[in-house]
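Just below is one structure, and these are the notes that go with it.
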There are 2 protein chains.
Amino acid sequence: MLDGLYKPRAVAVIGASTKTLSIGYRVLENLRMHDFRGPIFPINPRERSVRSFRCYRSVLEVPDEIDLANICIPAKFVPKAVEECGEKGIKFVIIHSAGFREVGEKGQALENEVLETARRYGIRIYGPNSQGVMNSDPEVSLYANFTFTPMKPGNISILAQSGGVAELLNLNLERIGVGFRMYGSNGNASDISIDELLEYFGSDDETRVIMLYVESFQDPQRFVEVASAITPHKPILAIKSGTSEEGARAITSHTGALLDVDTSTDVIFEKAGVIRFHTQEDLVQAAVAFSRQPPPRGNTVTVVTNAGGPAIQATDQAMALDLGLTKLSGKTQQALRECLNPMSSVRNPVDTTATAGPDEFGPIMKILADDPDVHSLLLTLVTPFFVDNMGVAEQITGALEGCGKPVVATYMTNENWAHVIQKVRDAGIPVFDYPETAARVLAAMARYVAIRDRDPGEAETLEVDADAARKVLADAKPSGDGFLPAADVTRLLAAYSISLARSVRSTSGSGAAGAASDLRFPVVLKVDHEDVVHKTDEGGVVLDIPDAGALERAVAEMDTRFAGRSIAPAYVVQEFLTGGREVIMGLKDAAGAGTMIMIGTGGIYTEVLRDAQFRLAPLTRTDARSMIAALKGHSILAGTRGEPSVDMESLEDILLKLGQMAGDLPEIVEMDLNPVLAFAEPGRTAVVDARIRVRS
Amino acid sequence: MLDGLYKPRAVAVIGASTKTLSIGYRVLENLRMHDFRGPIFPINPRERSVRSFRCYRSVLEVPDEIDLANICIPAKFVPKAVEECGEKGIKFVIIHSAGFREVGEKGQALENEVLETARRYGIRIYGPNSQGVMNSDPEVSLYANFTFTPMKPGNISILAQSGGVAELLNLNLERIGVGFRMYGSNGNASDISIDELLEYFGSDDETRVIMLYVESFQDPQRFVEVASAITPHKPILAIKSGTSEEGARAITSHTGALLDVDTSTDVIFEKAGVIRFHTQEDLVQAAVAFSRQPPPRGNTVTVVTNAGGPAIQATDQAMALDLGLTKLSGKTQQALRECLNPMSSVRNPVDTTATAGPDEFGPIMKILADDPDVHSLLLTLVTPFFVDNMGVAEQITGALEGCGKPVVATYMTNENWAHVIQKVRDAGIPVFDYPETAARVLAAMARYVAIRDRDPGEAETLEVDADAARKVLADAKPSGDGFLPAADVTRLLAAYSISLARSVRSTSGSGAAGAASDLRFPVVLKVDHEDVVHKTDEGGVVLDIPDAGALERAVAEMDTRFAGRSIAPAYVVQEFLTGGREVIMGLKDAAGAGTMIMIGTGGIYTEVLRDAQFRLAPLTRTDARSMIAALKGHSILAGTRGEPSVDMESLEDILLKLGQMAGDLPEIVEMDLNPVLAFAEPGRTAVVDARIRVRS
């Protein structure tokens, strides 16, 4: 629990200063100006008082108990100050000072020293190199932070890995008159982590929405755990930056190539039910709506306008974001018609025309508020000079009060009508500058509801022989970069009852030709040599070999091609399957977040389409189904132009087994089943080629 | 020329009224309050004066010449008023009154009557049902409009098909302190069109940017003509609404299916060099930047920050929009390093750290302004309390003045530092609320430059026999819905030297089998019957027939399948080409904008990928090349994994020939070459199947 940090009864400011440009002055002044509800104790051996507060030489001299110390002194003095905090029994320390890990090795050593001291005394450290915390709760009113941004009570909490971004988010809330609840930007995060702060904000009853900005996950699994417990009750709206990094280049397989920097973030957020945004503006606007309006009960929007054009724009944007347009029933349309002039449109978007006044808006809002088909309302209004616009605002807010549906608005007007907008805002209806913004906000709300209410499905364990697979791994001799030999791949898949196309393997060319007599022609010939990773590129694959004679010739050619390698190549002859639909599947270690399972559209378009779905293991059958359904190429699998669907269950089964494998065989860092051929006939689905890489 | 409309020397207000809630009052009041530079003549037979202006019973009584009449009387009186305007010699009339075409037939008749009268006298009509016009030129100061939005001189002109949107755009400019030049929203557009207004704004020297909102194109070809003449000199920034319409459903072929409602707008804007936006906010923000900053000389951005996090966000957004990050030379980095503290980062993004003050910002801005690699600057700054932020702003604006590169900024600060932001804005540097906005604006500027400077290529006419094709069309007997029989399709393509896979056609099954002896097996058998449009779906295609016996059996089966039709089916036997890469090509009438030529990725992924490029005919080879290069599937054609490229020139040739066909054979409304197989060997490219629909 971080109550001592966010709800301290008394605070010390170590390094409180009279120099107005110092952090020690700023923190004290911020606490004072925002009227912190407990006592403030400045610590400075060289001053008698700062800002009329009596000064102490050390926290040890302070007569009262202190919950929180703010440290604002140069880095090298911090260890001693923390030691004294320990002796004093202080349990929370914010280190505002910089000069630690962020400046290199020496700073890192200092940070370690501080941490060690803190652990000794059971002190929790926030920072170092941190802006601080704020809690706008009027019972606390804690501004333990060195910025200038305002603190106004609200129910949005702000958590950001960058102080600059935290400030920006707060400033942009303020610009539209919205406050916040709690605020945190924890700098180097040496002890108290973003996850811990998130958990604390999640447990705060007054926090209705959490805005989160992350640059990197410290512990992705912990993040998923913490966030998953919060999102069913309150939305977490997040931005992850650094999406344009050009990392992850050296990845060898397809599964990896389809996985850009952003994917793992998406997978983590998906698992945790976090709503992702790509711009701060969208984040701020959605947060405002979530903080003031209830979530919708469905994903359609009803647009009401008195101005035509802007409603079209709102509708376009809503459709582009997969919101539906509510189909108003005949009854509702009739009821609206009775309230409105004949020039009005009573279909959605409802256009009252510019002449509609309070007498029209009151009843139509009531009709829409009462209609169960109406999930959310988007009002886009102008203020015609011949209309009682204040009366319209009063009627709208009155009729919609407590209707249980989200309502957002845009007013196109000028400052003469600011009081009208204020009236609407005071009723909790967010008013945005542009109709498209209102549509985007409603789309985000619908997205939250869809994620919150999704059915996770039941856990399901398919029968596999994990022990056999473990034995394969224990005995395997992977290549230098960790790839398993083909024979081991075959045995490992067999242990999980994942069918490979029938094949035989031989260490000599002539042997290959002979051994293939059991297979049905046509066949494929593939080289199997640890130096040859991209077999096709290196001439190590011959497809569609019609008969034994052709196979012998192909083997002879390949013998020539791969002659002179240190080890002679082995060969695999495999039945050539035709007519299946290609997918690619795999699993991949997700850098601390667990293991991601993947399915994508296969064939030559794999890289063009970049059509792949990733989920963190373990999977339920519902997960597996939704992954397949979310593929752009789903229609190809389901059958276009009268073709039958492929056997979807067999694909789901492989996904589930990959999920189990992720748990059973943590040594595997990457597996690539490419292609997998799926057929309409049940049970024919087969992996044609597979690669497995283990931790090396 | 519309000078009489936008720069009238004297104006009349017909229906000027003392009733403050009437349009007749509003227009007069707006003209008066904004201090129109010429005389205003109110026309109202029932008043002696309105707002102290002497009233006249009719324009005919006014002693002076009048250039522009504003009509604000009920619709039914408008024809007479226009008649009197004609007698008076007035050349421009704005009809603010509603009650015309928009209310149905009776209104349409009234509108026609007005137009006829106007034509008789050479009067140009603006409206009816129109908001009006504004011209902020201080020499004119014309507010002939009934809204309340402000008029502040600027160099952005606003043109919108919706009065509500025009107002919104203006209000949002005002909110950030930016004015406009000319303003038009012409209601029913019965005479003076959007295109004509656009042309006029284009010719206005003081207009530096045009903001355009269109709901539908009245005359797409004219629009392209007018806009194309403007965009090389000044940007047109546009929004087209109505993109979510669910029209265009009954389209039969692939070319059509790939063509959603939005595509024709994109094609039109592309041809005209118009920059398209999808939200009004993006439009407004970009317009502000274009109005104050020069276009960039290249498409990379240099980000400078004193705050870390926000720069990452700006960079992410810039990368997502295909802006590059300027690679700063070693020399520049060294020069920056000498000005900045050791904690700073001198790579792009340049991070000065929060302590940098005027002494650092002056020199580094000068270094970046002088570096030819730096195309545009994005500043994202906080205002640390210990820094002379006004000094920083002075140094920045001083160093960058006249640097010839676009500069945009975001300041994360609060109202205490409003004077700093104002200082930056006064220097013409737009300051946005969010770093992502700044990145989007620079991306739009780079997009404009890329379009403005694109090389259209030389016109090129390939040798074709258009007369032979015309004869084919003249003699053809298309099906009820306009499709040509297969034989005519073959002949028409032959006239344009577009190769079809070799085939023979026969009206009887046995004939087909016999005639096929000239072809090389394997072959394909296809039915040719006007009732059978989707041959594959209806069992009218058998692929990969290995020999004559199999062909005979296939024909026999098909005879059975299609027995009992009113006309017996014909058959086409065609060589079965394997190993080519599939594309789909075509042309399509673009509802008034001309003819669009298309190329897309073919095969089963056609509809999944929706990977198609459209351009308006005629095409240059440069156009054809850029269409192919812009395909997502381009890498497949160019050869992946060591495969050779297909013969691109042959694909370009077909595109050019389709372009010529669009001009030569306007009867063709749709052509679908699907698939076209392209091979690495020059000249082997062949159309496998083709459908042509003519105007029916």
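The values are calculated or read from the model by the stated rules, or taken from the named source; none is laboratory data. Quick caveat, the model's predicted, so the values are computed rather than measured. Ideal geometry is used to build each Cβ from the backbone, glycine not excepted, and the neighbour counts take in all protein chains shown. We work out accessible area using only protein heavy atoms, side chains counted, and drop any ligands, DNA or RNA first. Shrake-Rupley method; radii C 1.70, N 1.55, O 1.52, S 1.80 Å.
Only one of these conditions is not met by B:Thr536: (1) of a type in the set (Val, Ile, Thr); (2) open to solvent by less than 40 Å² (accessible area, probe 1.4 Å); (3) assigned to a loop (DSSP other than H, G, I, E, B). Which number is it?
Going through (1) of a type in the set (Val, Ile, Thr); (2) open to solvent by less than 40 Å² (accessible area, probe 1.4 Å); (3) assigned to a loop (DSSP other than H, G, I, E, B) one by one, B:Thr536 breaks only (2).
How many of the residues making up segment B:153-165 are more than 18 Å from the chain's Cα centre (by Cα) and either among the small types (Gly, Ala, Ser) or surrounded by 24 or more Cβ atoms within 10 Å (Cβ to Cβ) (or both)?
Kept after step one, since they are more than 18 Å from the chain's Cα centre (by Cα), are these residues of segment B:153-165: B:153-156, B:163-164.
Next, from what is left, pick out any that are either among the small types (Gly, Ala, Ser) or surrounded by 24 or more Cβ atoms within 10 Å (Cβ to Cβ) (or both): B:154, B:156, B:163-164.
So the count comes out to 4.
With B:Phe361, B:Phe385 as the choices, which residue is open to solvent by less than 40 Å² (accessible area, probe 1.4 Å), in contact with a helix residue (DSSP H, G or I) (Cβ under 8 Å, 6 or more places away or on another chain), of a type in the set (Phe, Trp, Tyr) and within 14 Å of chain A (Cβ to nearest Cβ)?
B:Phe385
Would you check if there is a residue in segment A:339-349 being closer than 22 Å to A:Tyr434 by Cα, at pLDDT 95 or above and either of a type outside the set (Ser, Thr, Tyr) or open to solvent by 10 Å² or more (accessible area, probe 1.4 Å) (or both)?
Checking segment A:339-349: not a single residue is closer than 22 Å to A:Tyr434 by Cα, at pLDDT 95 or above and either of a type outside the set (Ser, Thr, Tyr) or open to solvent by 10 Å² or more (accessible area, probe 1.4 Å) (or both).
Considering only segment A:108-121, I want to know if a residue exists there that is assigned to a loop (DSSP other than H, G, I, E, B), out of contact with any Cys (no Cβ under 6 Å at 6 or more places or on another chain) and not assigned by TED's automatic domain parsing to the domain that holds A:Val424. Break it down into steps so the answer makes sense when it comes.
Initially, segment A:108-121 is screened for residues assigned to a loop (DSSP other than H, G, I, E, B), giving none.
The answer is no; no qualifying residue exists.
Output the residues belonging to segment B:4-26 that are aliphatic (A, V, I, L, M), within 14 Å of another protein chain (Cβ to nearest Cβ) and more than 37 Å from the chain's Cα centre (by Cα).
B:Leu21
Would you confirm, using the coordinates I've provided, whether A:Pro295 is farther than 25 Å from B:Lys240 by Cβ, within 14 Å of chain B (Cβ to nearest Cβ) and not hydrophobic (A, V, I, L, M, F, W, C)?
no
Within segment A:166-186, track down each residue that is under 24 Å from the mean Cα position of the chain (by Cα), without any contact (Cβ under 8 Å) to a residue 60 or more places away in the chain and within 12 Å of another protein chain (Cβ to nearest Cβ).
Here is the first cut: in segment A:166-186, the ones under 24 Å from the mean Cα position of the chain (by Cα) are A:166-173, A:180-186.
Still in the list and also without any contact (Cβ under 8 Å) to a residue 60 or more places away in the chain: A:166-167, A:170-171, A:180-181, A:183-185.
Across segment A:166-186, the qualifying residues are A:Ala166, A:Glu167, A:Asn170, A:Leu171, A:Ser185.
Exactly one condition in (1) open to solvent by 10 Å² or more (accessible area, probe 1.4 Å); (2) within 12 Å of chain B (Cβ to nearest Cβ); (3) farther than 20 Å from A:Val226 by Cβ is not met by A:Thr149; state its number.
(1)
Name the pairs whose Cβ atoms lie under 6 Å apart, with the first residue in segment B:111-132 and under 14 Å from B:Arg101 (Cα atoms), the second surrounded by fewer than 18 Cβ atoms within 10 Å (Cβ to Cβ) and of a type in the set (Asp, Glu), and 6 or more positions between them or separate chains?
Hits for this filter: B:Asn129/B:Glu102.
Where residues in segment A:27-71 are basic (Lys, Arg) and under 20 Å from A:Gly4 (Cα atoms), which of them is nearest to the other protein chains (Cβ to nearest Cβ)?
By that ranking, first place goes to A:Arg32.
Return only the number of the condition from (1) open to solvent by less than 20 Å² (accessible area, probe 1.4 Å); (2) farther than 19 Å from A:Glu463 by Cα; (3) in contact with an Asp or Glu (Cβ under 8 Å, 6 or more places away or on another chain) that A:Glu681 does not satisfy.
(1)
Only one of (1) at pLDDT 95 or above; (2) not in a helix (DSSP H, G or I) fails for A:Ser216. Which number is that?
Evaluating A:Ser216 over (1) at pLDDT 95 or above; (2) not in a helix (DSSP H, G or I) leaves (1) as the failure.
Which of the residues spanning segment A:594-640 are open to solvent by 40 Å² or more (accessible area, probe 1.4 Å) and outside any helix (DSSP H, G or I)?
Result: A:Gln613, A:Pro618, A:Ala630, A:Lys632, A:Thr640.
Out of the residues in segment B:320-338 that are within 13 Å of another protein chain (Cβ to nearest Cβ) and touching a strand residue (DSSP E or B) at 6+ places or on another chain (Cβ under 7 Å), which is most open to solvent (accessible area, probe 1.4 Å)?
To start, the set of residues in segment B:320-338 that are within 13 Å of another protein chain (Cβ to nearest Cβ) comprises B:320-325, B:327.
Adding the requirement that they be touching a strand residue (DSSP E or B) at 6+ places or on another chain (Cβ under 7 Å) leaves B:323-325.
Details: B:Leu323: 11, B:Gly324: 23, B:Leu325: 58 Å².
If we take residues in segment B:320-338 being within 13 Å of another protein chain (Cβ to nearest Cβ) and touching a strand residue (DSSP E or B) at 6+ places or on another chain (Cβ under 7 Å), then B:Leu325 is most open to solvent (accessible area, probe 1.4 Å).
Please go through segment B:465-489 and pick out each residue that is touching a residue at least 60 places away in the same chain (Cβ under 8 Å) and open to solvent by 40 Å² or more (accessible area, probe 1.4 Å).
If the condition is that a residue be touching a residue at least 60 places away in the same chain (Cβ under 8 Å) and open to solvent by 40 Å² or more (accessible area, probe 1.4 Å), then B:Arg470, B:Pro478, B:Gly480, B:Asp481 are the ones that fit.
Taking segment A:388-416, which residues are open to solvent by 50 Å² or more (accessible area, probe 1.4 Å) and within 12 Å of chain B (Cβ to nearest Cβ)? Write out each step before concluding.
Kept after step one, since they are open to solvent by 50 Å² or more (accessible area, probe 1.4 Å), are these residues of segment A:388-416: A:388, A:390, A:394-395, A:401-402, A:415-416.
Listed by number, the residues that qualify are A:Asp388, A:Glu415, A:Asn416.
If you scan segment A:102-119, which residues turn out to be farther than 28 Å from A:Arg9 by Cβ and open to solvent by 10 Å² or more (accessible area, probe 1.4 Å)?
A:Glu102, A:Val103, A:Gly104, A:Glu105, A:Lys106, A:Gln108, A:Ala109, A:Leu110, A:Asn112, A:Glu113
Of the residues that make up segment B:541-564, is at least one surrounded by fewer than 20 Cβ atoms within 10 Å (Cβ to Cβ) and touching a residue at least 60 places away in the same chain (Cβ under 8 Å)?
no
Suppose the filter is farther than 30 Å from B:Arg621 by Cβ, assigned to a loop (DSSP other than H, G, I, E, B) and open to solvent by 70 Å² or more (accessible area, probe 1.4 Å); does B:Glu458 pass it?
no
If the requirement is being in a loop (DSSP other than H, G, I, E, B), within 19 Å of B:Asp191 (Cα to Cα) and open to solvent by less than 50 Å² (accessible area, probe 1.4 Å), which of these qualifies: B:Gly99, B:Gly4?
B:Gly99
If we keep just the residues of segment B:429-452 that are within 14 Å of chain A (Cβ to nearest Cβ) and outside any helix (DSSP H, G or I), which is surrounded by the fewest Cβ atoms within 10 Å (Cβ to Cβ)?
B:Asp433
Which ones in segment A:212-231 are open to solvent by 40 Å² or more (accessible area, probe 1.4 Å), of a type in the set (Ser, Thr, Tyr) and closer than 17 Å to A:Ser162 by Cβ?
Listed by number, the list holds a single entry, A:Ser216.
Inspect all residues belonging to segment B:655-673 and state whether any of them is closer than 30 Å to A:Asp537 by Cβ and either modelled with pLDDT of 95 or more or assigned to a loop (DSSP other than H, G, I, E, B) (or both).
Taking every residue of segment B:655-673 in turn, none turns out to be closer than 30 Å to A:Asp537 by Cβ and either modelled with pLDDT of 95 or more or assigned to a loop (DSSP other than H, G, I, E, B) (or both).
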